[in-house]
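The structure appears right after this line, and notes come after that.
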């Protein structure tokens, strides 16, 4: 099984577990003399099986990510890089938005508001980080489809 397939299965299992939780809640109580639409015991058994499979996949995915190296970086390191680039880009974009919103003055006697940062330079940095993010994501995706799950 390829790493990408395991990641897809993990996502499917997370969705299924959320649905099972809802179904369990919906069948937890019934009026006296009535039967639940679904057996809570069967739903719990299915939930237990799904969580066991999810645990196995998570272990194998994490192990694969830690030992698979590409150009000197593990997949885990690439994921950390991707996550931190996303955080930095978001913060820079928020700063650019704030710094670009200069107040308009109706009269010369009103207080003038100026940006404290070079918006043009920050935008260049965001563009460079965005390119690095795309390239990193492409590397991760390629590794996911070319790496066998351990």
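The numbers here are math on the coordinates, done by the rules we state, and not lab data. Remember, predicted model here, so these are calculated numbers, not experimental data. Heads up, the Cβs are rebuilt from the backbone with ideal geometry, glycines too, and the neighbour counts pull from every protein chain shown.
Results, tabulated for the structure shown:
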quantity: Rounded tilt (10° steps) of 119-146 against the dominant C-alpha axis of the chain; calculated: 30
quantity: The chain - mean residue ellipticity at 222 nm from DSSP helices (-39,500 (n - 2.57) per run, n ≥ 4, rounded to 500); calculated: -25000 deg cm²/dmol
quantity: Rg to Rh quotient for the stretch 1-67, alpha carbon positions, Kirkwood Rh; calculated: 1.17
quantity: More than 20 Å apart - percent of Cα-Cα pairs taken over the stretch 71-150; calculated: 50
quantity: Label selected from (1) 15.2; (2) 17.6; (3) 20.0, the criterion being Kirkwood radius over Cα pairs in Å as computed here; calculated: (3)
quantity: Relative packing of 110-116, 23-29, which averages over residues the other C-beta atoms within 10 Å, highest first; calculated: 23-29, 110-116
quantity: Max mean-square fluctuation residue, GNM over the chain, Cα-Cα springs under 10 Å, options 124, 63, 82; calculated: 124
quantity: Cα-based helix-to-principal-axis angle, 3-26 vs the chain, degrees rounded to 10; calculated: 70
quantity: Cα long-axis angle, helix 40-67 against the chain (0 to 90 degrees, to the nearest 10); calculated: 50
